[in-house]
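Coordinate-derived values only; no laboratory data. This structure is a prediction, so every number in the text was calculated from the model and none was measured. Here the Cβ positions follow ideal geometry from the backbone for every residue, glycine too, while neighbour counts run over all protein chains shown.
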Amino acid sequence: MTSPAQILHDVFGYTSFRPGQEEIIDLVLGGENVLAVMPTGSGKSLCYQIPALLLERPTIVISPLKALMDDQVAGLRADGVEAASIHSGMGRDEQIAEWRKATSGKAKLLYLAPERLMNENMLSALHRLDPHLFVVDEAHCISKWGPSFRPEYEQLSRLKELFPTAHIAAFTATADKATRADIAQKLFRGDSRVIVHGFDRPNLRLGVGQKTHWSKQLLAFLADKKGQSGIVYCLSRKFTDEVANFLQEEGFNAIPYHAGQDPETRKRNQDRFMSENEAVMVATIAFGMGIDKPDIRYVCHLNLPASMEAYYQEIGRAGRDGAAAETMLLYGYDDLRMRRTFIEDETTEEEHKRREHRRLDALIAYCESAECRRIALLGYFDEQTGPCGNCDNCLNPPTLVDATRQAQMLLSAIHRTGQAFGAGHVIDVLLGAETDKVRQRGHDRLPTYGVGKDFPKPYWQSLVRQAVAGGQIMINIAKYGGLEITERGRAILKGESPFYFREPGKKPARVSRRAAREAAAADLPAPDLALLARLKDLRLTLAREQRVPAYVVFPDATLIEMARVRPSSLDQMRQISGVGPRKLEQFGPQFLTVTRAE
């Protein structure tokens, strides 16, 4: 019997699995329902594509975007795997032809959007097809607690009852504990294995700054990045166009992307970004989900994202090839005000609004953290780590003051009010505020009532945010955002550990401008770098001819290895990681012409 390792090598051209892949493949093949949370760039697609090629009956992949489906199918076909997709961007004849590939058994994978899948006619047709496996990609879209909720995804909760003999596998890179529980309940009714393979992306350098002059700060961030691809995220369509025009005037190949553009313009701009080597995509969050351009070297936010999950998802588009990449988030008071307004303007229930406010609080706490950014980021996802040495606070630590006494006041107020209230009420207690809520609960009679009057409200707000970021306090999102004291916080309350604090208004130290060109290619000698450039030019030409993203031909890691090894025969080319039999046949001779010419 063919094994997953054989498929990995014989079809996809890789000699070994990445961490976590083999375990998930084995669970899927063993008939388990699986929710897999894996960091971006860890190879989630192979975790269901390989089982699909080994299972007897078809696999249905539910994907949120037409462009993502097209790219996945193009990538599979480039590896010699026939796959089909049906979506609204196709004509009727093309849709019929794709369906016939699935019904004839020619295509083992069929990609569908949730809207098309849950259509009654499609469900009836799928019953005749008798799928073995349903794969829900970008599974956080099913949860109102996730960063990219899509109402049509909620209908997927019917799959388990509609297809009781089929198994379900769900994949996401972005889901905190509450979101994971929500996904598992909706998709599997709790009957699943939840596999979390870590959120850490150690190749990403993390940086945060208070926004002062965005144009100067952006140019400073991009100063050593000309010639690299990256994304600059903006909050509004108008600002997106303004930033793109500014960068174009400064000599950057900047491409705007937002929902105000017509579909044809958006597709053209996305195709340019995916195929060109030195493009800067300036975009709203309308751009990004499922984007698989491995050589994105930086992501810069000129406005505050919606939440920690959204931030993690957006920076995750950088460095998917595993090489070094850099991130920067600039935020200011207007961003906070606009984000609060967006939440309040949502036509959703009050509980959902409260959760979103708490999620935004966690992101603000991350921004104001005086400790390692990675500790704060991973801590939000219930993952512990030590100082990373690859963020602004580690590389250039901020100046801190001893605020142990004030932290003890705060922690005491949290404890005495029952660890059940949010920051606003706890701070009211510290300031001795005479509110109805304070009086009704008798909190004006607590020993901590009014002990913090010597410090203004913004001071306490910042102290709360930094304590959350430092792991001394946690925000319990599932319990209306109540502040709870952690073990680290208890140590401070008992006088066993100090608390250091970056006071409000103090500017963070500037990050040293170490170049972000620590990619694998930077280790190549000059002649190999020149060869790599020619290989990339050939890849771009072939990608444009076939109308596919450049990475579908070969990813950067494969081209870098070609530049190092300089294969002189197809046998040598076959040994390069990522060169499977189909790609060797289709592209090998052309790339061999370049490597032999050196």
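For R201, the amide hydrogen comes within under 5 Å of no other amide hydrogen, counting only partners 5 or more places away or on other chains and with H modelled in the peptide plane.
The angle separating the long axis of helix 457-469 from the principal Cα axis of greatest extent in the chain is about 40 degrees. Highest mean packing first, where packing is the average number of other Cβ atoms within 10 Å per residue, the peptides 8-15, 547-554, 221-228 line up as 547-554, 8-15, 221-228. Charging the Cβ of each Asp and Glu at -1 and of each Lys and Arg at +1, and nothing else, the dipole of the stretch 401-492 about its Cα centre rounds to 120 debye. Applying the Karplus relation 6.51 cos²θ - 1.76 cosθ + 1.60 with θ = phi - 60° to the stretch 53-70 yields 3J(HN,Hα) values of 6, 9, 7, 6, 9, x, 10, 9, 9, 9, 10, x, 10, 4, 4, 5, 4, 4 Hz, where x marks Gly and Pro.
Based on the alpha-carbon gyration tensor of the stretch 204-395 and its eigenvalue square roots a ≥ b ≥ c, which shape applies: rounded if a/c is under 1.5, prolate if not and a/b is larger than b/c, or oblate? Oblate is the answer for the stretch 204-395, as a/c is 1.5 or above yet b/c matches or exceeds a/b. Protection proxy ranking of 105-118, 295-308, by the mean of other Cβ atoms within 10 Å over each peptide's residues and highest first, is 295-308, 105-118.
Among V232, V438, sorting on how many other beta-carbon atoms sit within 10 Å of each Cβ, with the fewest leading, yields V438, V232. Across every pair of non-identical alpha carbons in the chain, the mean reciprocal distance, once inverted, gives a Kirkwood radius of 25.8 Å.
Quick one: of the DSSP bridges fully inside the chain, what percent are antiparallel, nearest 5? Write out the running numbers ahead of the final one.
Working: 6 of 54 bridges.
Just about 10 percent of them are antiparallel.
As a proxy for reagent exposure, E32, E326, E94 were ordered by neighbouring Cβ count within 10 angstrom, fewest first; the result is E94, E32, E326. Karplus-derived 3J(HN,Hα) values for the stretch 161-175, using 6.51 cos²θ - 1.76 cosθ + 1.60 with θ = phi - 60°, are 7, 6, 10, x, 8, 8, 9, 10, 10, 10, 9, 7, 9, 9, 7 Hz; glycine and proline are entered as x. Rounded if a/c is under 1.5, else prolate if a/b is larger than b/c, else oblate: which is the stretch 521-596, with a ≥ b ≥ c the root eigenvalues of its Cα gyration tensor? Since a/c reaches 1.5 but b/c is at least a/b, the shape of the stretch 521-596 is classed as oblate. Based on the Kirkwood approach, the hydrodynamic radius assigned to the stretch 117-180 is 12.6 Å, with every pair of different Cα atoms included.
Which one, V426, G470, A533, projects farthest toward the positive side of the charge dipole computed for the chain from Cβ point charges (K/R +1, D/E -1)? So the residue we want is V426.
Taking the charge dipole of the chain about its Cα centre, with +1 at Lys and Arg Cβ atoms and -1 at Asp and Glu Cβ atoms, the residue from S63, A310, A113 reaching farthest to the positive side is A310. Put in line by how crowded their Cβ is, counting other Cβ atoms within 10 Å and starting with the fewest, K238, K293, K211 read K238, K211, K293.
First select every other residue whose beta carbon is under 12 angstrom from the beta carbon of G260; then total the charges, Lys and Arg +1, Asp and Glu -1. Net local charge, G260 excluded: +1. Each residue of the stretch 304-310 was assigned a 3J(HN,Hα) from its phi angle through the Karplus expression (A = 6.51, B = -1.76, C = 1.60, θ = phi - 60°), giving 6, x, 6, 6, 4, 4, 4 Hz with x at Gly and Pro. Database remark: amide H of A170 closer than 5 angstrom to the amide H of V34, L35, A36, V136 (H placed geometrically; neighbours at sequence offset of 5 or more, or on other chains; Pro and chain starts carry no H). What you get for the stretch 214-312, charging only the Cβ of Lys and Arg (+1) and of Asp and Glu (-1), is a dipole of about 80 debye around the Cα centre.
Dipole check for the chain: with +1 at the C-beta of Lys and Arg, -1 at the C-beta of Asp and Glu, and the Cα centre as origin, the magnitude is about 800 Debye. The calculated 222 nm mean residue ellipticity attributable to helices in the chain amounts to -13500 deg cm²/dmol, summing -39500 (n - 2.57) over DSSP H runs of n ≥ 4 and dividing by all residues. Counting Lys +1, Arg +1, Asp -1, Glu -1, what net charge surrounds I50 among other residues with beta carbon under 13 Å of its beta carbon? Overall, the nearby charge balance is -2.
Over the C-alpha trace of the stretch 4-196, radius of gyration and Dmax come out as 15.5, 44 angstrom. Largest first, the extents of the alpha carbon coordinates of the stretch 314-382 on the three principal axes equal 42, 27, 27 Å.
Counted by Cβ distance under 15 Å from M1, the other residues give a net charge of -3, where Lys and Arg count +1 and Asp and Glu count -1.
For L304, the amide hydrogen comes within under 5 Å of the amide hydrogens of G332, counting only partners 5 or more places away or on other chains and with H modelled in the peptide plane. For the stretch 401-501, the Stokes-Einstein estimate of translational diffusion at 37 °C and a viscosity of 0.692 mPa s comes to 247 µm²/s, using the Kirkwood hydrodynamic radius over alpha-carbon pairs.
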